[in-house]
Each structure stands twice: as structure tokens, then as C-alpha cells.
1. Taking every Cα atom in the range 16-81, find the radius of gyration and the maximum pairwise distance Dmax, and write them in Å.
2. Regarding the range 249-359, what whole-number volume in Å³ per residue does the convex hull of its Cα atoms give?
3. Sum up the charges of everything whose Cβ sits under 14 Å from the Cβ of N343, counting Lys and Arg as +1 and Asp and Glu as -1, but leave N343 out.
4. Please sort by residue number the trypsin sites (Lys or Arg not before Pro) in the range 390-453 whose DSSP state is loop and whose Cβ has at most 14 other Cβ atoms within 10 Å.
5. Just how far, in whole angstrom, is the range 400-469 from the range 238-289 if you go by their alpha carbon centroids?
6. Calculate for the chain the 222 nm mean residue ellipticity that helices alone would give, adding -39,500 (n - 2.57) per DSSP H run of length 4 or more and normalising by residue count, nearest 500 deg cm²/dmol.
7. Between H238 and E35, how many nm apart are label points set 7 Å from Cα along the C-beta direction?
8. Between K427 and A11, what length in nm is gained on full extension when 0.36 nm per residue of separation is reduced by their alpha carbon distance?
Amino acid sequence: MSQRLKLEVKALNAIAGGDLVILVSDRLAPPKLAEDWIGSGAHALIARAAAAERFKGKALAGLTLLAPEDAGYERLILVGTGPESERDKLDFAALGGAIASRLGHGRSADIIAALPEGELSAGEIAEIGLGLRLRSYAFDRYKTKSRDKDQAEPKIVTLRVDDPAAVRKALKAREAIAGGVELARDLVNEPPNVLFPEEFAERAGKLDKLGVEVEILDEKDLKKIGMRALLGVGQGSHRQSRVVVMRWNGGAKGDKPVAFVGKGVTFDTGGISIKPAAGMEDMKGDMAGAACVTGLMQALAARKAKVNAVGVIGLVENMPDGNAQRPGDIVTSLSGQTIEIINTDAEGRLVLADVLWYTQERFKPVFMVNLATLTGAILVALAQENAGLFSNSDELSERLTAAGKATGETVWRMPLSSAYDKMIDSKFADMKNSAGRYGGSITAAQFLQRHVNDTPWAHLDIAGTGMGS
């Protein structure tokens, strides 16, 4: 990932250079703090440009115009905040993203971080900063063509505020979150010939620099433990499988941890039940759940979160060679339950079955949340707008739903019941790994539920949201 933005926080002093960004409501009035900076002819200019472009200050909408002659900047950028009566609905991270989308390559920019009708809190300004950074992300590590100088150098964006110290303090936690998100995005975007299970494990191991305790289990360890369902998925690849355990001990000593489990299929051909060729290149992202867990552990450590947390990721590559798992095979999972393989492309649940059981047995967590690009069926149900949420705990479901609404990472709860559970019963084993076309996301979740006992657990099927551009 290239660093395209350098974010600074400064007081309202001399503004000069490229872009000046101000926030306007539906009344098109700029903040009072901006009056001294926008220039004497700016009010009339704003009115004329808004009328010509039919810009009405709608939330997150933008309008760019050349600065008045007497201004000390080149462009004036207006970004709408909507009606004052709907201010409580304004997403400040999204507002930062909207600002970032209007900024030119390589330009410096000053943002007067104030609302037309009043001040912004340090936390709200920090959320704008978070949105600026996330929207500026680009993965261009493998582009070798020369770029213009103004594209290669990061643009300097300055948040102009009344209290820089308070904003810088609030921004620290958001920068930790942004770093975790960027790590997860980088991992998902890496090509599969670069990011295979061993390499992913090594990258996760680098979190020890932040104080995360990292333990990497190789195939010898996994065979000894008894993770035969996970190892079965990877046996057709010449790349060895791995499980990585990441522990952040920021809470009180002796407190049980919260646990996060990620599916990490670094490339998924489907195995012997091979996928169609069209779009198979996207299966480099079938490790998005593991990427999310790794990014989360970095974010927790970077902001010194006061929590004990464990992240466990199962890393495999699903390939169809002569040693690959076959439809009709029966494997014994770590739980001791036997699984008939119906479809080798229903592999993620086999990885998670062993890792979930291992996590609950070893760490006795307060709750477990697993994330996985598990089923195409969830895309049919929810498209890329919501992650599918399955859980054995109403409390945990409500907390995840609330968190999703607060961050824009929305989830939609799907059903679990004994009727669906019967669909994965097998004639020859305790269960089968695929129940066919109908209710595919639900039966996959029922499969996972058989490997969590009574631990409060939630499964997030992120096959849609994890691949969203």
C-alpha cells in the first residue's frame, strides 16, 4: 500500500496553498471560523456556483470552485452536512471520506473542521480524520509504470481546529483502527503467489512488535493436536497449512478473553469440486476473515485496548492435486465428530470447525466471533450490503448489530433451528459438509454450531462485504 495522505492537526492560523475545505449546511452558510479565510468574494461565488450546479448542501455532497482572486489558496471545496435538524444522523467518518474524494492528487489541503451552526467535538473531528485516511487507501504495490510526481508524493491534509491537542489525542485511537483496517485490506489484496499460508503466518508474527503474543502452529503441531478437518483441506497443496494464535493481554490478569476466529483460505480453487474459471482470481480474497482478525489484533494492540483478546486464524490453500481431499472422504474433526465430504468447495467450514473447537477448549472465552467468506449463498440473500449474522446468543447478536450500525458495517441476523440442522445429517458419518443448494448459508452456520458447544458464539458470513470494492 502506498501512503497517499499525511494528516496533520493545526490551529487556525495562516492558510495558504492548494485546497480550502469548508463544511456547509443546506443553507449554504460557511462556519463562522471560516469567515476570515474564505475571502471577500467567496460568499457571492458560493451562491452563484451552487445555483449553477444545483448544489444544496446535501450530506456528503461536494462542490469544487476556483478561489477568489484575493484568497490565499487555489480551490474552495464545499462539502455538505445536510439540514441542521438531521445533524445527529451525520456520519463523520463518511464525511471525511467525502472530503478525501474531492481532493486533488499531490495537493495540500486545509480543512476548517467546524460546522456552520457550531463547533465539532474532538471525537467528531477525529472521525473525519479516520474517514480521510481510509478513503485515501490504494493498493498499488505491483504497479511499475512511472507515476506523476504529484501522485507519488502523499498529499498533506491539515485539520484546522480550535484545540489541536485534544484532537491529536482523539485521533490516536482512530489511527490505530485505520492501521488495522489497512493491514486487513493489504492482506486481502495480495496475490496468492505472494500470500500463501506460511507467508500469512509470518506477517501475523510481526504483531509481536506491538506486544501481541504470537504462536504459529505448523503441520506437525496440527497433526499432533488432531486438526484433521483443517489439514484435509490443505492436503492437495504443496503449501503447508498453518494456524496462528494471537493474544493481546490488555485487561486484568486472570480475566477470560474475548475470542475472534478467522477463515484463512489463501486461495480457493474449490479443490476436486473445482470452481468455474470465470472470477476464480477473486478467490485470493477467501482469507478475508483471517485478514480481519489480524487487523483487529493490530488495532487493539496499537491503541492499548484494555481487554484480553485472542485471535485465531486457520490458514490453508485449497488445491486439486493427486493427494487432494475427495467427495466421499470421511474425516474426524478435532471435536471427535466425523464429517462426510460431499463437496470439497465447502472447505471453509472444515477449517473453522477445528479452529473454533480448539479456541473454546484452550481459552474458555467469554464469547467467540468468527468471520469468514463462507458462502456464495449469503450474497444471494444479502448482496454486499450486510454481513450475515448467525448466533446462539441474543445478547451477542444485539451487541454486534448495534456495533454494525454505529460503524456502517451492518449485519443482518439469519435463522438457526433444528429443522435446518437435520439437513446436514449424514448416512455414513455424524454430519456432511454440504446440504446442497437450499439454505446454503444457514446449513453452513448449523455445521459450525456443532463445534462450539454452549460458548456464546456468533458467525459472520462476510462473503459479500469482505469482497466489496
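1. So, for the range 16-81, Rg and Dmax equal 10.7, 29 Å respectively.
2. Working: hull volume 11.0 nm³, N = 111.
That works out to 99 Å³ per residue.
3. Values: positive: K275, R326, R349, K432, R437; negative: D268, D329, E340, D345, E347.
So the environment of N343 carries a net charge of 0.
4. Numbers: sites: R399, K405, R413, K422, K427, K432, R437, R450; in loops: K427, R437, R450.
Listed in order of number, the matching sites are K427, R437.
5. What the calculation gives is 16 Å, centre to centre.
6. Numbers: 15 runs with 160 residues, N = 469.
Roughly -10000 deg cm²/dmol at 222 nm, from the helical runs in the chain.
7. The answer from the label model is 7.3 nm.
8. Details: separation 416, 0.36 × 416 = 149.76 nm, distance 7.10 nm.
The span from K427 to A11 would gain 142.7 nm if fully extended.
The values are calculated or read from the model by the stated rules, or taken from the named source; none is laboratory data. Please read all numbers here as calculations on a predicted model, not as lab measurements. Virtual Cβ from ideal backbone geometry, glycine too; neighbours counted across all protein chains shown. Areas reflect the complete protein model, heavy atoms only, side chains present, ligands, DNA and RNA absent. Shrake-Rupley method; radii C 1.70, N 1.55, O 1.52, S 1.80 Å.
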